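Worksheet for the structure shown next.
The values are calculated or read from the model by the stated rules, or taken from the named source; none is laboratory data. Remember, it's a predicted structure, so these values are computed and weren't measured experimentally. FYI the Cβ positions are ideal-geometry reconstructions off the backbone, even for glycines, and counts take in every protein chain you see.
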Amino acid sequence: MRPLLDLAQWRRWQWVSAVAVLLAVTLTPLAWIQWQQVKLLEDVSKNQVDSIMWQAYQLERELGRLDAHLLEATGNPRPLDPYELSERYEVFLSRIDLVTRIPRRDLIDSTPAYNEALSAINAFVMQADPLFAQPEALIKDPVRLATLASSVKVLLPKVAELTREANRAVARFVDERHAQLRQQSVLLITLAGGQSVVMLIFVVVLVRHIHRQQQQYTQLHQLSRELADARDQAEAANHGKSVFLANMSHEIRTPFQGLLGMLNLLDEPGLTPQQRDYLQTACDSALHLLGVLNDILDVSTMESGTLKLSEAPVNLRAVVQEVEFLMKVAANDKGLELRVHAASDLPAWVLADATRLRQIMFNLINNAIKFTAQGTVTVEMSCEANGPTGVVLTVRDTGMGMDSETVENLFTRFYQADSSLRRRIGGTGLGLEISRKLARMMGGDIHVCSELGKGSAFTVPLRLQTTTEPAKDSVAHCALGHGRRLKVLVAEDHPINMKYMRILLDRMGHDGVFCENGAEALQCLAGRPFDVVLLDYHMPVLDGLATTEAIRKLNGPMADIKVIMVTADVVNDTRQRALDMGVNEFASKPLRAIDLQRALQRCGLLDEPILSTTSGHDALGTVHAGAIPRPEIPTRLTAPGQSTADAIDAAAHADMVSMLPRETLDKMLTALMDPRQSTVHALVRALETGDHSASCAIAHDLKGIAMMLGFKAIARTAAAIEQLVMQAQDRVSPDLIPQLLNDLKLTQEALRQIEIQPNV
């Protein structure tokens, strides 16, 4: 049975209304009582009830003083000052006005004492006013003075009774107010008790509701866990299916490539018509099956989340022409006219994945040709009007068209517009789903407009950012030193790296000036002009970012100098910060001649290339080896006996051997590996003593020199130590020390294997 008061079903406005009603019921009476008490206090303050007694007392007091002065005037042989006696009378008259004009006179004006006293006072005033009008004559007339004194004696008891009556009136008023306050207090207590009861009832109801909500939450939480488990199982099953399909597609595709190759080899001029027909049938079947496998592989890749777009500058018109050339054969085979048009305002170059863009076009055009028996298929590529930057691909056909139900299910996996057992048009039913997912990855979608019997139109808006034509790799073969000679300022804190860069710039034909930190670089810029500044990212005093910011704030032409940052660990967020500071280009460590050359070219500092880009060697005769990957934190010790490729980048090391004199190379190896003063053993000692600042600085230097020499294992571990030291609050784990020593041992063994013996 459903409860009469089901709070769980209440909406927000019902809760607000209930709370408002409860507050109104409980607080309104309290507010009314408080308002009454405020009015009482205001009445007492405004009307000055207690002043009744005080004014009556003042009247009696001044009458007594007047009586004393009259007695003194009649009994004193020396006459008093007549005006002093007149003044005392005037003060008495002023007190009469206070008694008759008080705000709450109604408390005493109905009493006999008030009326008798007021009548006697008025009579006395009528008698005394003419006499006090001539105070000098009055003071000389003892008879009149005696008459006034006797009148005052008669008046004094009545005024005294008025004072007592005023006291009684004030007492009655205070008693009445106290009674009212007692009644209001009792009412307040009663209302507070009622409010407590109501609040208690509400709290009980609320606690029951909360308890019920907790039970429901527990049930929902349990159901959520069950649903999450079911979802995980479904996702695991789906992932397993996707992995299986991907693996099977790859496994089947490999022999199919061999099958198609063999079929192509069988296509020779001497075949009979029957043999050629058999061969063509086999080729068509193999290609069809390969297309099915490609669709399944694409769907599996999308489901596993591993499909990524490889964006690069793409010539849109070239892509459109290529698709037109390939699809025109299929259209001609069915007797259809294929019309392909690229708008005149179409951007020449855009950032896109050309392969996936072609795939969308192929799928849509192939479907249009497949479902069109006669007529035309029209393909248009145009700019998007009144919208974000992008292009619109439109494919129209004059085929069979589709009804609303077919359009609604068109992008459902494995759905076929003609699903009968005798359907004439084949396909996996995956092409449109794949195309739509690819279009959405490109910031667009696929919209369909179709009418049964009148054809269909597919519209694909794509967000493709315009770009410029990519620069073609130069293949000029120029002699060393040919081209512009640059004045280069280099800020590098490591002496070995500085020596290497000195040799590198000298062989490239440039003049280098070297300093150890950003502060010295700023001083050099203030003293002489330079063409470009090479900054290390990690430097003492001022690092690369701070130095760049300071350079951009200089006065004069040096504020606009080109800045190239050289570092081994510029990640995306740091790279963006550097660009915001004003860095023009980046070059990774170990810095190679080809990398520096390209950076200088991108800065517009060279008139023409000076390095050959053919046959994998530059003009310095060094091999273009790949840069060492960004070091990661080691998860286990390097296994003894591991191959030399895991310890040394042979190509990068060969670059250094070919560039540096033997004496310089030996000094570098000694500084790196000597047990007494090497950088490796200095880092070990710093880690053992827990010196964070020294460990971080030595690890940074070790990483730089190791990467320059091609010692991958040492560079990777040094980078990990540097990162851990910067992140750690306590001592770094000593497990990295044997890792570092093991890498050193492995590197030394690898050096012996490639016949490079350090003099240590």
message: Given the criteria surrounded by 13 or more Cβ atoms within 10 Å (Cβ to Cβ), part of a helix (DSSP H, G or I), in the same structural domain as residue 58 (by TED's automatic domain parsing) and out of contact with any strand residue (DSSP E or B) (no Cβ under 9 Å at 6 or more places or on another chain), does residue 200 qualify?
response: no
- request: Would you mind finding the one in 428, 468, 459 that is modelled with pLDDT of 60 or more and more than 33 Å from the chain's Cα centre (by Cα)?
  value: 459
field: Check on residue 174, assigned by TED's automatic domain parsing to the domain that holds residue 74 and exposed (fewer than 11 other Cβ atoms within 10 Å of the Cβ)
entry: no
The range 101-139, subset modelled with pLDDT of 80 or more and not in a helix (DSSP H, G or I), residue nearest to the chain's Cα centre (by Cα): 111
- prompt: Of everything in the range 395-412 that's small (Gly, Ala, Ser) and at pLDDT 85 or above, which residue is nearest to residue 379 (Cα to Cα)?
  reply: 399
Test: residue in the range 98-119 that is hydroxyl-bearing (Ser, Thr, Tyr), more than 24 Å from residue 169 (Cβ to Cβ) and surrounded by fewer than 19 Cβ atoms within 10 Å (Cβ to Cβ): no
message: Exactly one of these conditions fails for residue 504: (1) within 22 Å of residue 548 (Cα to Cα); (2) more than 42 Å from the chain's Cα centre (by Cα); (3) of a type outside the set (Gly, Ala, Ser); (4) assigned to a helix (DSSP H, G or I). Give me its number.
response: (1)
